């Protein structure tokens with residue numbers, strides 16, 4: 001009986017202190033996750049803005065569209081990192097980045113598509129960082145969400161109606177979580193996934209889904225490919 005009387009449990013004060021500590025730890029973890037997510041969104045927005053600026057900087061400097069500039073002999077003759085460009089790094093200089101690049105936005109792209117040449121030429125010009133000699137998928141910059149950043153000129157993607165054409169060059173990022181996709185769209189555009197200068201396509205987790213049909217509302221449980229018009 002004496003031994004039983006000496007055995008004591010936790011007091012209410014001690015339990016309360018433990019619960020407060022657990023709450024603080026959980027709050028810190030959740031806050032840390034939020035900061036990480038916000039940092040990725042900021043990184044993605046900065047990348048989209050930076051690449052847009054690089055695109056127009058290239059056009060202003062060379063009077064040609066990055067990716068379409070060429071032929072290869074003309075580019076190599078500029079010296080420096082330009083001399084390391086291979087055939088995939090040159091376009092046909094017809095004033096159009098293409099042909100249509102929707103289906104191959106995040107896959108291997110050769111000279112006929114000018115998709116990887118877009119990135120190779122921006123790198124050679126010093127307007128973005130990266131390995132100038134990288135070709136095909138390796139030429140595409142990674143994004144903050146472990147996806148890729150590609151380019152497309154297909155006007156039939158992410159349209160609001162069958163007769164609508166979304167013309168021009170679009171920058172696309174794959175594997176963007178729903179919350180982040182909504183935040184990017186809201187910061188740059190109108191927050192609606194199928195209108196304006198930023199639009200989406202529902203993707204598959206872990207895959208670099210090419211842009212296609214757009215949906216208006218963002219779902220936190222989905223991942224998206226988002227595209228921004230230049």
Notebook entry, point to check: So how many residues does region 41-56 have that are more than 15 Å from residue 142 (Cα to Cα) and either surrounded by 21 or more Cβ atoms within 10 Å (Cβ to Cβ) or under 10 Å from the mean Cα position of the chain (by Cα) (or both)?
Noted result: 1
Next item on the list: Please give the number of the condition residue 184 fails out of (1) assigned to a loop (DSSP other than H, G, I, E, B); (2) within 13 Å of residue 226 (Cα to Cα); (3) in contact (Cβ under 8 Å) with a residue 40 or more places away in the chain.
Entry: (1)
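Yes/no per residue for (1) buried (at least 19 other Cβ atoms within 10 Å of the Cβ); (2) at negative phi:
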residue	(1), (2)
149	yes, yes
153	yes, yes
168	no, no
187	no, yes
201	yes, yes
208	yes, yes
Note to self: Being surrounded by 11 or more Cβ atoms within 10 Å (Cβ to Cβ) and either over 30 Å from residue 157 (Cα atoms) or at pLDDT 95 or above (or both) is true for just one of 104, 96, 13, 59. Which residue is that?
What the structure shows: 59
Item checked: Positions within region 219-230 being within 16 Å of the chain's Cα centre (by Cα), assigned to a loop (DSSP other than H, G, I, E, B) and farther than 17 Å from residue 147 by Cα, in sequence order -> 230
Notebook entry, point to check: Of all residues in region 124-147, which are in contact with a helix residue (DSSP H, G or I) (Cβ under 7 Å, 6 or more places away or on another chain), in a helix (DSSP H, G or I) and on the phi < 0 side of the Ramachandran plot?
Noted result: 124, 139
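The values are calculated or read from the model by the stated rules, or taken from the named source; none is laboratory data. Since the structure is predicted, the reported quantities are computational estimates derived from the model, not experimental observations. Cβ coordinates were reconstructed from backbone atoms using ideal geometry, including for glycine residues, and neighbour counts include every protein chain displayed.
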